[in-house]
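Asks: Sharing a structure below in structure tokens format, with a few things to ask.
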Amino acid sequence: MTRVLVVEDDPQLVRALIINLQARQYRVDAAADGATALRLAAARLPDVVMLDLGLPDMDGVDVIKGLRGWTRVPILVLSARQASDEKIAALDAGADDYVTKPFSMDELLARLRAAVRRTEEVPLAPGTTLVETAEFTIDLLAKKAVRGDRDVRLTPTEWHLLEILVTNPGRLISQKQLLQEVWGVSQSTKTNYLRVYMAQLRRKLETDPAHPRHLITEPGMGYRFEG
């Protein structure tokens, strides 16, 4: 059974989460503050953490950093904070997803299932060189993309961006992280760069660039690759 640690100081929301999760056969632990959350995580070793950012004793981002010091457990942020920079700060600290309050329980449970699935997926092995989808194939060793039976010509910048995404399948990569890795720290606010290059990659790789299946945008947050 999957164990979930709920870190939230709203008793009514905690009760609703526990009821819904236990009804679906999850084991649930709950913490009302950051210090308790860090202790419980170390003692109970949850499979997923659901974390509110507005805790009474510390900011949730500091809890994320504390967890990331020793575990790669999926962290789903639940927060009323809607500003893009708040979301990006949580993702940069190591959160895997960000759900804005108020949210539907069905959506939250779907994101929880997705987080669990990603931990079960086998990551690219050191010797793996091919990433294959129904529409295109990426050869990481040869630095080549093929769509159908034709090579796709990519610029070095397009390749670098694509490589980061496909080597982290299913993981949401923040805009800031992509900008820093591809263009450098000085360009970490130039989100228009990402929009332009992601549009180019979709035109070259996706069957329907307006409705991409593989190069997915999370508005205001970042991008992810779905195989």
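The values are calculated or read from the model by the stated rules, or taken from the named source; none is laboratory data. Predicted model, so just to flag it, every value in this text is computed and none were measured. Neighbour counts run over all protein chains shown; Cβ positions are idealised from the backbone, glycine included. The area values use the complete protein model at the heavy-atom level, side chains included, leaving out ligands, DNA and RNA. Shrake-Rupley method; radii C 1.70, N 1.55, O 1.52, S 1.80 Å.
Asks: Could you list which residues have their amide H under 5 Å from that of E218, counting only those 5 or more apart in sequence or on another chain, with H placed in the peptide plane?
Replies: Excluding prolines and chain starts, which carry no amide H, the hits are Y223, R224.
Asks: Amide H to amide H, which residues 5 or more places from V77 or on other chains are under 5 Å from it, using H placed in the peptide plane?
Replies: Those lying under 5 Å, H to H, from V77 are L51, D96, D97, Y98, V99.
Asks: Output the peptides 209-215, 75-81, 90-96 sorted from most to least packed, where packing is the average of other Cβ atoms within 10 Å over each peptide's residues. Spell out each step's value before the answer.
Replies: Numbers: 209-215: 15.1, 75-81: 20.7, 90-96: 22.3.
Ranked from most to least packed, the peptides come out as 90-96, 75-81, 209-215.
Asks: Here's another thing I want to ask about it. Can you tell me the length gained on complete extension of the stretch F103 to N168, counting 0.36 nm per residue apart and subtracting the Cα distance?
Replies: Working: separation 65, 0.36 × 65 = 23.40 nm, distance 2.65 nm.
So the chain would gain 20.7 nm between F103 and N168.
Asks: Follow-up. I need to check one value: relative contact order of the chain, counting alpha carbon pairs closer than 8 Å and at least 6 residues apart, in percent. All intermediate terms of the calculation are to be shown ahead of the outcome.
Replies: Working: 339 pairs, mean separation 29.7, N = 227.
Once normalised by length, the contact order is 13 percent.
Asks: Hey, what do the phi angles of region 84-94 turn into as Karplus ³J(HN,Hα) couplings, whole Hz, using 6.51/-1.76/1.60 and θ = phi - 60°, x for Gly and Pro?
Replies: Residue by residue, region 84-94 yields 4, 5, 5, 5, 5, 4, 5, 5, 5, 6, x Hz.
Asks: Could I ask something else about it? For the chain, what is the accessible area per residue in Å², given a 1.4 Å probe and the full set of protein chains? Kindly include the intermediate steps, with their values, before the conclusion.
Replies: Working: 11570 Å² over 227 residues.
With the other protein chains kept in place, the chain gives 51 Å² per residue.
Asks: Taking only C-alpha pairs under 8 Å that are 6+ residues apart, what is the relative contact order of region 1-91 in percent? Please report the intermediate quantities before stating the final value.
Replies: Details: 139 pairs, mean separation 26.8, N = 91.
About 29 percent, as a whole number.
Asks: Roughly what % antiparallel, to the nearest 5, for the DSSP beta bridges in region 1-133?
Replies: Working: 1 of 18 bridges.
Within region 1-133, antiparallel bridges account for around 5 percent of the total.
Asks: Can I ask one more? Given [x] 18.8; [y] 17.6; [z] 21.5 as candidate values of Kirkwood radius over Cα pairs in Å, which corresponds to the one derived from the coordinates?
Replies: Correct label, based on the coordinates given: [x].
Asks: Using r as the Cβ-Cβ distance of H160 and I19, and R0 as 41 Å, what FRET efficiency do you calculate, to the nearest 0.05?
Replies: Details: r = 46 Å, r/R0 = 1.12.
Once the sixth-power term is evaluated, E becomes 0.35.
Asks: Give me the lysines in straight-line cross-link reach of K143: C-alpha distance below 16 Å, same-chain residues under 8 apart excluded.
Replies: K204
Asks: Here's another thing I want to ask about it. Quickly work out the A83-to-R113 label distance, labels modelled 7 Å from Cα along the C-beta direction, and quote it in nm with one decimal.
Replies: In this crude spin-label approximation the distance works out to 3.5 nm.
Asks: What base-10 log of the normalised intensity I(q)/I(0) is obtained for region 1-133 from the Debye formula, alpha carbons as equal point scatterers, at q = 0.11 Å⁻¹?
Replies: Normalising to I(0) and taking log10 leaves -0.38.
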